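Asker: Here you go, one structure.
The values are calculated or read from the model by the stated rules, or taken from the named source; none is laboratory data. Predicted model only: the values in this text are computed from it and were never measured. Please note: Cβ atoms are built from the backbone with ideal geometry, for glycine as well, and neighbour counts cover all protein chains shown. Remember, those area values only see protein heavy atoms, side chains included, never the ligands or the DNA or RNA. Shrake-Rupley method; radii C 1.70, N 1.55, O 1.52, S 1.80 Å.
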Amino acid sequence: MGLRLKFNLVLLTVFVVGLGVTGYVSYELLHRNARDEVLRNAGVMMEAALSMRGYTVAHVRPNLAVDPDKFLPESVPAFGATEIMTLLRKKYPDYAYKEAALNPTNPRNRAVEWETDIVNVFRANPARGEVSGMRDTPTGRSLYLARPFQIKDPACLACHTNAEMAPAAMVKIYGTNNGFGWQLNEVIGAQIVSVPMDLPIRNANHAFVTFMSSLTVVFAVLFVILNAMLSAMIVQPITQLSRAADQISKGRLDAAEFKSTGKDEVSQLGQAFNRMRRSLEKAIALIEK
């Protein structure tokens with residue numbers, strides 16, 4: 001096995017191992033960054049919904065006309081946040097916000113199967129402040145961010161303890177079976193934001209392919225350059241030295257000396273070979289006398 005072949009085998013082995021490790025690390029890092037980006041977007045949507053709820057409580061509800069015979073859904077914080085997020089979905093249909101409850105006043109907020117599982121997680125551990133995860137949807141993978149919805153204000157129970165205590169106008173709209181039986185400090189639902197992962201994943205995969213392609217091109221260029229340097233600085237000088245040694249071993253002392261310039265190891269080897277050759281010529285000449 002020649003020196004060049006050994007060198008290339010070692011170089012290729014190092015490249016394959018390095019490319020594999022680099023590919024794994026960069027793939028995981030890019031996908032983790034994509035997930036973090038989507039999670040940040042979901043967090044922004046969640047905070048926007050919470051801000052809408054706060055605005056409804058502070059500015060909308062106090063300015064609505066008080067009529068005991070009329071119930072205005074706009075006075076409910078959840079209604080305002082859900083309505084505004086529904087408008088957002090007209091432009092971004094894959095983004096979703098829902099205040100999912102096990103027993104909601106408004107039937108549209110009733111939790112579906114996977115949302116019920118999230119609510120039960122919070123009910124089992126009320127101190128848990130946030131849950132996130134991935135799920136498959138008809139449009140692709142989606143990341144969800146959920147926070148518990150807990151009854152902390154006793155004033156809320158005026159509308160949700162039982163139908164007799166609730167405003168008659170509200171009961172007339174939603175009926176006597178929805179949104180009652182809530183208790184103070186009980187987790188009755190969860191605020192859930194869903195954000196699509198398709199585009200960030202595609203961007204991460206594109207960045208990964210671009211990075212690995214660039215790395216492969218860089219290696220190919222380095223491979224050619226290193227082989228050229230190996231050939232010019234090591235393989236060719238050693239090949240010449242080997243040929244000269246072969247000729248001398250066959251008694252051809254008239255062969256030209258090995259040309260060596262510089263102070264590197266190959267040049268020093270060539271100079272030592274030339275000295276050994278001259279010493280051999282002198283020894284042979286003394287014997288012949």
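Asker: Here are some residues: Thr137, Thr176, Thr116, Thr105. Which one is farther than 25 Å from Asn41 by Cα, of a type in the set (Val, Ile, Thr) and open to solvent by 30 Å² or more (accessible area, probe 1.4 Å)?
Answerer: Numbers: Thr137 fails: farther than 25 Å from Asn41 by Cα; Thr116 fails: farther than 25 Å from Asn41 by Cα; Thr105 fails: open to solvent by 30 Å² or more (accessible area, probe 1.4 Å).
So the residue among Thr137, Thr176, Thr116, Thr105 that is farther than 25 Å from Asn41 by Cα, of a type in the set (Val, Ile, Thr) and open to solvent by 30 Å² or more (accessible area, probe 1.4 Å) is Thr176.
Asker: Let me ask something else about it. Looking at the range 140-152 only, could you name the residues that are open to solvent by 70 Å² or more (accessible area, probe 1.4 Å) and either part of a strand (DSSP E or B) or among the acidic types (Asp, Glu) (or both)?
Answerer: At the first step, the residues of the range 140-152 found to be open to solvent by 70 Å² or more (accessible area, probe 1.4 Å) are 141, 152.
Result: Arg141, single match.
Asker: Turning to a different aspect of this structure: For Ala163, indicate whether it is open to solvent by less than 60 Å² (accessible area, probe 1.4 Å), over 30 Å from Asn41 (Cβ atoms), among the hydrophobic types (A, V, I, L, M, F, W, C) and out of contact with any strand residue (DSSP E or B) (no Cβ under 6 Å at 6 or more places or on another chain). Don't jump to the end; show me each part of the working.
Answerer: Values: open to solvent by less than 60 Å² (accessible area, probe 1.4 Å): yes; over 30 Å from Asn41 (Cβ atoms): yes; among the hydrophobic types (A, V, I, L, M, F, W, C): yes; out of contact with any strand residue (DSSP E or B) (no Cβ under 6 Å at 6 or more places or on another chain): yes.
For Ala163, the condition - open to solvent by less than 60 Å² (accessible area, probe 1.4 Å), over 30 Å from Asn41 (Cβ atoms), among the hydrophobic types (A, V, I, L, M, F, W, C) and out of contact with any strand residue (DSSP E or B) (no Cβ under 6 Å at 6 or more places or on another chain) - is met.
Asker: While we're on this one: Look through the range 133-153, keep the residues that are at pLDDT 85 or above and in contact with a helix residue (DSSP H, G or I) (Cβ under 6 Å, 6 or more places away or on another chain), and return whichever of them is farthest from Glu99 (Cα to Cα).
Answerer: Ranking the qualifying residues of the range 133-153, first place goes to Leu143.
Asker: Among the residues of the range 43-66, write down those that are open to solvent by less than 60 Å² (accessible area, probe 1.4 Å), of a type in the set (A, V, I, L, M) and touching a helix residue (DSSP H, G or I) at 6+ places or on another chain (Cβ under 7 Å).
Answerer: Ala49, Met52, Val60, Leu64
Asker: Within the set of pairs 6+ apart or on separate chains, which have a first residue in the range 107-136 that is in a strand (DSSP E or B), a second that is of a type in the set (Val, Ile, Thr), and C-beta atoms under 8 Å apart?
Answerer: Cβ pairs passing all conditions: Val131/Ile118; Val131/Val121.
Asker: Please go through the range 1-48 and give me each residue that is touching a Leu at 6+ places or on another chain (Cβ under 7 Å) and modelled with pLDDT of 90 or more, ordered by number.
Answerer: Thr22
Asker: How many of the residues in the range 153-204 are within 25 Å of Met85 (Cα to Cα), out of contact with any Lys or Arg (no Cβ under 9 Å at 6 or more places or on another chain) and assigned to a helix (DSSP H, G or I)?
Answerer: Counting residues in the range 153-204 that are within 25 Å of Met85 (Cα to Cα), out of contact with any Lys or Arg (no Cβ under 9 Å at 6 or more places or on another chain) and assigned to a helix (DSSP H, G or I) gives 7.
Asker: Okay, next question. Only one of Arg35, Arg40 is open to solvent by 90 Å² or more (accessible area, probe 1.4 Å), under 27 Å from Asn203 (Cβ atoms) and within 26 Å of the chain's Cα centre (by Cα). Can you tell me which?
Answerer: Numbers: Arg35 fails: open to solvent by 90 Å² or more (accessible area, probe 1.4 Å).
After ruling out the rest, the residue left standing is Arg40.
Asker: Looking at (1) open to solvent by 90 Å² or more (accessible area, probe 1.4 Å); (2) in contact with a helix residue (DSSP H, G or I) (Cβ under 8 Å, 6 or more places away or on another chain); (3) not acidic (Asp, Glu), find the lone condition where Gly80 falls short.
Answerer: Tallying (1) open to solvent by 90 Å² or more (accessible area, probe 1.4 Å); (2) in contact with a helix residue (DSSP H, G or I) (Cβ under 8 Å, 6 or more places away or on another chain); (3) not acidic (Asp, Glu), Gly80 fails exactly one: (1).
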